[in-house]
1. How large is ³J(HN,Hα) for each residue in segment B:35-41, as worked out from phi by the Karplus curve 6.51 cos²θ - 1.76 cosθ + 1.60 (θ = phi - 60°), to whole Hz, x for Gly and Pro?
2. Would you give the gap between the C-alpha center of segment B:152-208 and the C-alpha center of segment A:9-33, rounded to a whole Å?
3. For segment A:271-315, compute the orientation-averaged projected area of the C-alpha convex hull (one quarter of its surface), in nm².
4. How large is the charge dipole for segment B:30-83, taken about the Cα centre, if only the Cβ atoms of Lys, Arg (+1) and Asp, Glu (-1) carry charge, to the nearest 20 debye?
5. Could you count how many Lys pairs in the protein assembly as shown have their Cα atoms under 20 Å apart, skipping same-chain pairs fewer than 8 positions apart?
6. How many Å² of accessible area per residue for the protein assembly as shown, probe 1.4 Å?
7. Below 8 Å between Cα atoms, with a sequence gap of 6+, how large is the relative contact order for segment B:95-247 in percent?
8. Over chain B, what is the relative contact order in whole percent, taking alpha-carbon pairs under 8 Å and six or more residues apart?
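The values are calculated or read from the model by the stated rules, or taken from the named source; none is laboratory data. Predicted, not measured: the structure shown is a model, and the values here were computed from it. When we count neighbours, we look across all protein chains shown, and the Cβ atoms used for this are built from the backbone with ideal geometry, even at glycine. These accessible areas exclude ligands, DNA and RNA; they are computed on the full protein's heavy atoms, side chains included. Shrake-Rupley method; radii C 1.70, N 1.55, O 1.52, S 1.80 Å.
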Number of protein chains: 2
Amino acid sequence: MAEIALLDHDTVLAAVSPAEAIDRVRDGFIRYASGEWTMTPKVYLDVPPNGDFRAMPASGSGLAILKWVTSFPRNPGKGLPVVMGMIDVSDSETGEPIAVVDVRSVTALRTGAVAAVAAQELAREDARTVGIIGCGVHGTWAARCLADAEYGPGVCFDPDPDAAGALAGELGWEAGSLDDALACDVVTCVTPGHEPVVTADGLRPGAHLNMLGADGPGKAEAEPEAVARCQLFCDEWEQASHGGELTEAVRAGLVTQDRVTELGEVLTGMAPGREDDAAMTLFDSTGLAIQDLAICNAVIEAHRAGAVRAATARI
Amino acid sequence: MAEIALLDHDTVLAAVSPAEAIDRVRDGFIRYASGEWTMTPKVYLDVPPNGDFRAMPASGSGLAILKWVTSFPRNPGKGLPVVMGMIDVSDSETGEPIAVVDVRSVTALRTGAVAAVAAQELAREDARTVGIIGCGVHGTWAARCLADAEYGPGVCFDPDPDAAGALAGELGWEAGSLDDALACDVVTCVTPGHEPVVTADGLRPGAHLNMLGADGPGKAEAEPEAVARCQLFCDEWEQASHGGELTEAVRAGLVTQDRVTELGEVLTGMAPGREDDAAMTLFDSTGLAIQDLAICNAVIEAHRAGAVRAATARI
């Protein structure tokens with residue numbers, strides 16, 4: 001019997017600010033690139049026709065986590081979220097279970113945070129304006145993290161004008177058209193990935209693109225020809241080339257591995273970032289377990305320090 | 001926020017008797033063999049020098065589970081169990097988290113139960129006596145399940161005579177030597193797998209061997225030559241040939257896949273079982289997520305029916 005802490009949605013958000021999420025996710029990519037943190041490839045358990053469950057293990061800095069999360073695209077039609085599940089956190093020295101952590105808050109923070117980290121590393125020095133394409137939960141958190149990293153003002157686009165308006169209102173940005181959003185310095189796409197929103201013709205020299213929506217086979221937010229015109233970065237090559245924004249361009253023979261740099265290599269100085277001010281940089285974020293680990297480390301530290309309180313249970 | 005039930009060790013054991021565990025695990029193998037239940041291969045997250053964490057997803061009968069469990073062989077030296085973790089249970093229709101379940105009780109029940117199922121299917125009709133080699137937690141539960149399935153009396157062997165004596169006392173069996181245990185009709189090995197306890201010379205015609213201890217690369221309880229002399233069965237070929245009792249014999253070229261039958265094929269009548277009364281049958285149990293799913297289904301049903309009570313938490 002172990003006593004575990006139950007760290008729910010509000011506790012996670014009280015424990016970890018966007019600024020801390022950005023620092024932690026940056027640090028996590030560096031530790032992973034330097035071999036200090038480890039993870040295994042995502043495992044997909046298909047549950048047709050509902051969607052799939054994903055198991056994502058990672059370990060580092062004394063913790064081992066396992067994220068267990070759904071991608072159930074039909075759920076909104078039933079009034080349920082696409083993303084549900086939990087994160088098990090264990091002590092990697094003793095093996096003891098420590099906590100169960102809400103999955104949606106951690107996923108939102110780590111997905112939003114990496115958009116800010118990638119912009120800080122890959123966008124032009126003078127980049128300021130933000131285009132948010134897709135204003136759901138993850139688009140909202142990407143915008144919050146980018147605003148926290150002093151990007152903005154931004155243009156928020158969503159097929160649902162209320163979603164775009166709410167996010168723009170929260171941040172003092174504006175709701176606008178898809179073209180307005182695509183004309184910004186830091187374009188951040190967080191759509192379901194069913195059809196491309198970025199075309200080869202729509203690319204603007206000097207822009208940085210964060211592609212956050214394509215997180216599984218068959219999803220894409222940019223046309224393969226648009227991807228091929230950019231200087232390419234990703235969170236992790238295996239995931240990006242098999243279930244990310246790069247997948248179609250790789251399959252079509254337009255992109256090969258030697259053209260793609262992992263974000264951690266840039267952060268550690270192992271590889272260069274943006275070539276020049278005219279380059280169009282594209283970052284393919286598929287979502288890594290080490291990002292979840294980074295946020296979980298922050299939550300567990302805050303809980304241990306007494307900064308947040310949580311229910312406990314014996315299991 | 002989902003309300004999840006916290007089903008601890010004692011609740012699991014109150015909800016599921018050895019007899020029900022045997023029925024459920026048998027049913028789970030049948031549903032898996034017939035394609036109704038699914039699972040992915042075990043994922044190992046190494047945490048040197050402590051051991052590894054394993055992630056084991058499975059789905060069926062309305063549930064999707066993820067088992068997150070350690071194998072930390074050095075833990076007993078620190079006064080901690082080798083096996084720790086938890087099992088996340090979600091609704092496979094909606095994706096909603098339902099419960100967190102104690103991992104040790106479920107693992108013990110499903111490991112013990114499969115020893116009884118395999119004996120019922122593969123041992124001789126007139127087999128009665130049981131040799132238990134290794135009287136730790138899983139050896140104890142294998143003995144309890146075999147006794148529940150009306151096997152016995154048995155001989156319990158363990159390097160620690162107190163462990164052998166306690167188990168023998170509980171079941172009204174006897175503590176004895178390794179040779180005494182190996183002379184029984186149903187020999188059940190549940191050792192750490194560091195060195196073989198079954199040699200080619202020690203095999204007795206007509207015996208049935210349950211090999212439960214080898215659950216990862218480099219572990220074995222029988223010499224490859226002994227394995228090769230038996231009529232071979234396993235829970236799942238991929239696991240058994242890569243991280244089970246069969247692994248060394250396969251690597252040495254002594255055993256090929258066409259010589260090995262999966263238990264589910266025997267249970268569904270897709271393949272024959274024991275050839276004749278003189279055959280030595282060997283069942284390699286590596287432990288499958290569908291066995292955990294079978295027990296979790298029983299626990300969740302008992303909880304929903306009000307047969308057991310549990311704490312709940314919002315996460």
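1. x, 6, 9, 10, 8, 10, x
2. Cα centroid of segment B:152-208 versus Cα centroid of segment A:9-33: 52 Å apart.
3. Averaged projected hull area, Cα only: 6.3 nm².
4. Values: 6 positive and 3 negative charges, 29 e Å.
Computed charge dipole of segment B:30-83: roughly 140 debye.
5. 8
6. Numbers: 23280 Å² over 630 residues.
It amounts to 37 Å² per residue over the protein assembly as shown.
7. Here the relative contact order equals 20 percent.
8. It comes to 22 percent, rounded to a whole number.
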